[in-house]
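Here's the structure, in structure tokens; my notes come after.
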Amino acid sequence: MVCAIGNEKGEILEQISIPTETPELTVPKLISFYQDKGIEALGIGCFGPIDLNRGSNTYGYITTTPKLAWQNYNITGAFEKALGIPVGFDTDVNASVLGEYTWGIGRGLNSCIYITIGTGIGTGIIVDGRLVHGMLHPEGGHILLHKLPGDDYRGFCPFHENCFEGLAAGPAIEGRWGRKAGELSEESRVWELEAEYIAQALVNYTCILSLQRIILGGGVMHQKQLFPLIRSRFRELLNGYLKTKELEDLDSFIVPQSLDDKQGIMGALKLGLMALERNT
């Protein structure tokens, strides 16, 4: 878990990393970092699923996470009680899109998506200038895709054989090809298949959300050769159906994260600022 202190300009002044163990071991260390620092508010970008319904009895809880020790844990309440300050709370990927929207390559837009493709796949979404929540929060890693003929890999997701995460996250690359993504950089067939599944997902998001920009991050997207492959396949799959100024320049529409992998931290800063504004 990353802890940081910053200001209203998005400047990170101090930062540490603490291993994620059980709440009993981890949370006191996180709280200790912030005590006696004079901070005015805290923003938490958290792994999920989490409860974001302010009218719910379990608002601020981590709920049915696969990290079993953290299930049904009131993480927001723990920090509010210990620090006595306003706490903003959202998913880690919503924090990331908020960071890019506030200080990065999403600035000035009214709709964009941040997709992290790493050990899993998650999506943070802003539409009409607002983070998307709804029933729960976006779980865009689990949209269902069309498997290519000849791809016999089942997918590693225990719930779906053909969801985006199960077919295209880092563990899927390793499971399908027998080596980690970083060891396969020169294998063109690996990245052509990866680009196919990513492009399918991006067409779905674009058609549903009417996006102005797609921002891609996470460990898999450090393979920069993916971007031209994704853009090319995205154009083929969309097949001219939508005609907008954004889609005329896919180099500016499908882009890498722009904040040196600090978009989540910077988004958490903004969540803290938003919590402070709500309480003043």
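Among the residues of the stretch 132-181, write down those that are crowded, with 17+ Cβ neighbours inside 10 Å, among the small types (Gly, Ala, Ser) and assigned to a helix (DSSP H, G or I).
Selection gives Gly140, Gly141, Gly166, Ala168, Gly170, Ala172, Ala181.
The conditions are (1) open to solvent by 10 Å² or more (accessible area, probe 1.4 Å); (2) of a type in the set (S, T, N, Q); (3) modelled with pLDDT of 95 or more, and Asn279 fails exactly one of them. Which is it?
With (1) open to solvent by 10 Å² or more (accessible area, probe 1.4 Å); (2) of a type in the set (S, T, N, Q); (3) modelled with pLDDT of 95 or more applied to Asn279, the lone miss is (3).
Pairs, please: C-beta under 8 Å, at least 6 apart or cross-chain, first residue more than 28 Å from Ser185 (Cβ to Cβ) and in the stretch 219-246, second among the aromatic types (Phe, Trp, Tyr)?
Filtered contacts from the stretch 219-246: Glu246/Phe253.
Residue by residue through the stretch 209-260, note down the ones that are on the phi > 0 side of the Ramachandran plot and buried (at least 16 other Cβ atoms within 10 Å of the Cβ). Even if it seems obvious, please write down each step before you answer.
Going residue by residue through the stretch 209-260, those that are on the phi > 0 side of the Ramachandran plot are 210, 218, 239-240, 260.
Residue satisfying the conditions is Gly218 alone.
Is there any pair linking a residue in the stretch 1-16 that is hydrophobic (A, V, I, L, M, F, W, C) to one that is open to solvent by 50 Å² or more (accessible area, probe 1.4 Å) and part of a loop (DSSP other than H, G, I, E, B), with Cβ under 8 Å and at least six apart or on different chains, and which?
From residues that are hydrophobic (A, V, I, L, M, F, W, C), the pairs are Met1/Pro19; Met1/Thr20; Ile5/Lys37; Ile12/Lys262.
When you scan the stretch 183-198, how many residues do you find that are open to solvent by 60 Å² or more (accessible area, probe 1.4 Å) and assigned to a helix (DSSP H, G or I)?
4
Tell me the strands (runs of 3 or more DSSP E) entirely within the stretch 1-71 that contain at least 3 residues that are surrounded by 13 or more Cβ atoms within 10 Å (Cβ to Cβ) and touching a strand residue (DSSP E or B) at 6+ places or on another chain (Cβ under 6 Å).
Ranges flagged: 2-6, 42-46.
For the stretch 115-134, check the following and say yes or no: at least one residue is hydroxyl-bearing (Ser, Thr, Tyr) and within 30 Å of Asn7 (Cβ to Cβ).
yes
So Thr123 ticks every box in (1) touching a helix residue (DSSP H, G or I) at 6+ places or on another chain (Cβ under 8 Å); (2) of a type outside the set (Asp, Glu); (3) free of Cβ contacts under 8 Å to residues at least 12 places away in the same chain but one. Which box is left unticked?
So Thr123 meets the others, but not (3).
Could you please find all residues in the stretch 78-111 being crowded, with 24+ Cβ neighbours inside 10 Å and assigned to a strand (DSSP E or B)?
Across the stretch 78-111, the qualifying residues are Gly88, Phe89, Asp90, Thr91.
May I ask you to list pairs of residues, at least six apart or on different chains, whose Cβ atoms are under 9 Å apart, with the first in the stretch 23-51 being closer than 29 Å to Pro138 by Cα and the second being of a type in the set (Lys, Arg)?
Final answer for the pair search is Gly43/Lys270; Phe47/Lys67.
Looking only at the stretch 232-260, which residues are closer than 12 Å to Gly104 by Cα and touching a strand residue (DSSP E or B) at 6+ places or on another chain (Cβ under 7 Å)?
Of everything in the stretch 232-260, those that are closer than 12 Å to Gly104 by Cα and touching a strand residue (DSSP E or B) at 6+ places or on another chain (Cβ under 7 Å) turn out to be Val255, Pro256, Gln257.
The values are calculated or read from the model by the stated rules, or taken from the named source; none is laboratory data. None of these values were measured; they are calculated from a predicted model. A quick note on method: Cβ atoms are made from the backbone with ideal geometry, for glycine too, and the neighbour counts reach across all protein chains shown. Calculation scope for accessible area: heavy atoms of the full protein, side chains included, ligands and nucleic acids excluded. Shrake-Rupley method; radii C 1.70, N 1.55, O 1.52, S 1.80 Å.
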